[in-house]
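Report on the structure given below.
The values are calculated or read from the model by the stated rules, or taken from the named source; none is laboratory data. If you're wondering where the values come from, they're calculated on a predicted model, not measured in any experiment. A quick note on method: Cβ atoms are made from the backbone with ideal geometry, for glycine too, and the neighbour counts reach across all protein chains shown. Note: areas computed on protein heavy atoms with side chains; ligands, DNA, RNA excluded. Shrake-Rupley method; radii C 1.70, N 1.55, O 1.52, S 1.80 Å.
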Amino acid sequence: SSQTAAGSSPQQSKRSYDFKFDDTLSERHHLSASFDRTTWHGLGLNGGMNYIYGPFSSYWVQNLPSITYQFIDTYSIKPSLLNTFAVEFVEQNNTQIPYVNTTDNGSLGFNANSNVFPVLGFGGSNGIAVNGDSTAIDAYYGYYGYHFQDTLYWNKGKHSIKLGGTVVARGMNATFGGNVETYNFASDTGGPTDPSVTPYVGSGFAAEMLGDVQSANEAITQRNYPRQKSMAIFVQDNYRATPKLTLNLGLRWDFNLRGHEQSGRWQNFDLTQQNPLWGSYPGAWVFAANSGQSFETSEDYLEFGPRMGGAYAISPKLVARASYGLFFVPLNTFNS
């Protein structure tokens, strides 16, 4: 399927492809496999002079391809006992690059290691603003996750019991910054010193033509490869206490391991540490020594979430239901 939608970007399009395969090996054994792929393409404008081609182009492209592989094995051990094992892999790539940039930055005296033509800002004068050029976008984010799950279903008299567990490993590989250079030009560069006159004279664009830069900076390419795992086990019993009353009783235990950065590229501001350059004031940046060190210093082993519910048939046409559950949801800030 495909679709095109208009939004804040000049163009957005999305296509998805889904394939599923089922194989019944026997009356007791069933296999299922699926593959899903979605591609999302967007053309955006990041301010600027509204040029779509050339070095002054302010348009950028975002591509979001994602894939999902899933395998499910269902086996009936006996008529009252069924086991389901599932494996899933999910990956999404997010690429953000300039729409067109055929300029050789190095031949113009700019950063040859950047894929983006330098960003030029001109400010304004006498109430007249001049748009800047180019786009500062050059990034890649690759997200992935492995999911393993096994669930056992057991019917015993008035009890319908479900128990199992799950393990999730997720991570991200990201590079952003792109060594993009930014040059800012001001209308008051070399102009009058009288502050009452400064806002009304000069031109940032003219200062750019003279090569008179007020300030400049460079976004050094950064790399970030976080990793994190989590697991859970659960049991639930749907108990038919009476012909009119059914109880749902369950318990789930969640555990999230500490997050890590693949190469130890991680820093944290610690209020208990002291920077010798700041005298006696506490608080300093600390850096991970290796990939095994984590700044998530606490792990909660007591994340037990009860599940309780019930349904009662007041009359053949009226049923009352009630439920309660306690859920522990990872914030996922480390991998965002």
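What residue, among those in the range 292-314 that are of a type outside the set (Ser, Thr, Tyr) and part of a loop (DSSP other than H, G, I, E, B), is surrounded by the most Cβ atoms within 10 Å (Cβ to Cβ)?
It comes out as PHE295.
Conditions first: (1) part of a loop (DSSP other than H, G, I, E, B); (2) under 30 Å from ALA320 (Cβ atoms); (3) touching a residue at least 12 places away in the same chain (Cβ under 8 Å). PHE234 passes all but one, so which condition is the exception?
(1)
Of everything in the range 318-336, what is of a type outside the set (A, V, I, L, M) and modelled with pLDDT of 95 or more? Give them in sequence order.
Of everything in the range 318-336, those that are of a type outside the set (A, V, I, L, M) and modelled with pLDDT of 95 or more turn out to be ARG321, SER323, TYR324, GLY325.
Does any residue in the range 95-118 that is farther than 20 Å from VAL61 by Cβ come within less than 9 Å, Cβ to Cβ, of a residue that is in a helix (DSSP H, G or I) and not charged (D, E, K, R) six or more places away or on a different chain, and which pairs are these?
That search, which allows pairs on different chains as well, returns ASN111/ASN105; ALA112/ASN105; ALA112/GLY106; ASN113/ASN105; ASN113/GLY106.
With THR242, THR193 as the choices, which residue is out of contact with any Phe, Trp or Tyr (no Cβ under 8 Å at 6 or more places or on another chain), closer than 30 Å to PHE327 by Cβ and of a type in the set (S, T, N, Q)?
None of the other options fit; the residue is THR242.
Name every residue in the range 48-57 that is open to solvent by less than 40 Å² (accessible area, probe 1.4 Å) and of a type outside the set (S, T, N, Q), in order of residue number.
Selection gives GLY48, GLY54.
For the range 103-137, name all the residues that are hydroxyl-bearing (Ser, Thr, Tyr) and out of contact with any Pro (no Cβ under 8 Å at 6 or more places or on another chain).
SER107, SER114
Just to be sure I understand, how many residues within the range 275-291 are in contact with a Gly (Cβ under 8 Å, 6 or more places away or on another chain) and open to solvent by less than 70 Å² (accessible area, probe 1.4 Å)?
3
This table checks each residue for (1) touching a residue at least 24 places away in the same chain (Cβ under 8 Å); (2) in contact with a helix residue (DSSP H, G or I) (Cβ under 8 Å, 6 or more places away or on another chain); (3) outside any strand (DSSP E or B).
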residue	(1), (2), (3)
ASP150	yes, no, no
LYS162	yes, no, no
GLY171	yes, no, no
THR182	yes, no, no
ALA186	yes, yes, yes
PRO195	no, no, yes
PRO199	yes, no, yes
GLY202	yes, no, yes
ALA216	yes, no, no
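Can you tell me which residue in the range 208-229 is nearest to VAL180 (Cα to Cα), limited to those that are touching an Asp or Glu at 6+ places or on another chain (Cβ under 9 Å) and either open to solvent by 100 Å² or more (accessible area, probe 1.4 Å) or of a type in the set (A, V, I, L, M) (or both)?
Among residues in the range 208-229 that are touching an Asp or Glu at 6+ places or on another chain (Cβ under 9 Å) and either open to solvent by 100 Å² or more (accessible area, probe 1.4 Å) or of a type in the set (A, V, I, L, M) (or both), the one nearest to VAL180 (Cα to Cα) is ALA219.
Restricting attention to the range 266-307, report how many residues are among the β-branched types (Val, Ile, Thr), within 24 Å of ASN224 (Cα to Cα) and touching a strand residue (DSSP E or B) at 6+ places or on another chain (Cβ under 8 Å).
1
Report yes if some residue within the range 58-79 is in contact with a strand residue (DSSP E or B) (Cβ under 9 Å, 6 or more places away or on another chain), farther than 26 Å from GLY164 by Cβ and surrounded by fewer than 15 Cβ atoms within 10 Å (Cβ to Cβ); otherwise report no.
Yes, some residue in the range 58-79 is in contact with a strand residue (DSSP E or B) (Cβ under 9 Å, 6 or more places away or on another chain), farther than 26 Å from GLY164 by Cβ and surrounded by fewer than 15 Cβ atoms within 10 Å (Cβ to Cβ).
Which is open to solvent by less than 40 Å² (accessible area, probe 1.4 Å), in contact with a strand residue (DSSP E or B) (Cβ under 9 Å, 6 or more places away or on another chain) and not small (Gly, Ala, Ser), of PHE148, PHE110, PHE117?
So the residue among PHE148, PHE110, PHE117 that is open to solvent by less than 40 Å² (accessible area, probe 1.4 Å), in contact with a strand residue (DSSP E or B) (Cβ under 9 Å, 6 or more places away or on another chain) and not small (Gly, Ala, Ser) is PHE117.
Every residue in the range 7-65 that is over 30 Å from VAL130 (Cβ atoms), assigned to a loop (DSSP other than H, G, I, E, B) and not polar (S, T, N, Q), please.
LEU25, GLU27, ARG28, LEU64, PRO65
Quick one: LYS317 ticks every box in (1) surrounded by 10 or more Cβ atoms within 10 Å (Cβ to Cβ); (2) without any contact (Cβ under 8 Å) to a residue 40 or more places away in the chain bar one, so which box is it?
LYS317 satisfies every listed condition except (1).
Taking PHE85 as the residue in question, decide whether it is in contact (Cβ under 8 Å) with a residue 60 or more places away in the chain and assigned to a loop (DSSP other than H, G, I, E, B).
no
Please work out which residue is modelled with the highest pLDDT, limiting yourself to the range 1-43 and to residues that are loosely packed, with under 11 Cβ neighbours inside 10 Å and of a type in the set (S, T, N, Q).
Going through the qualifying residues, I end up with SER26.
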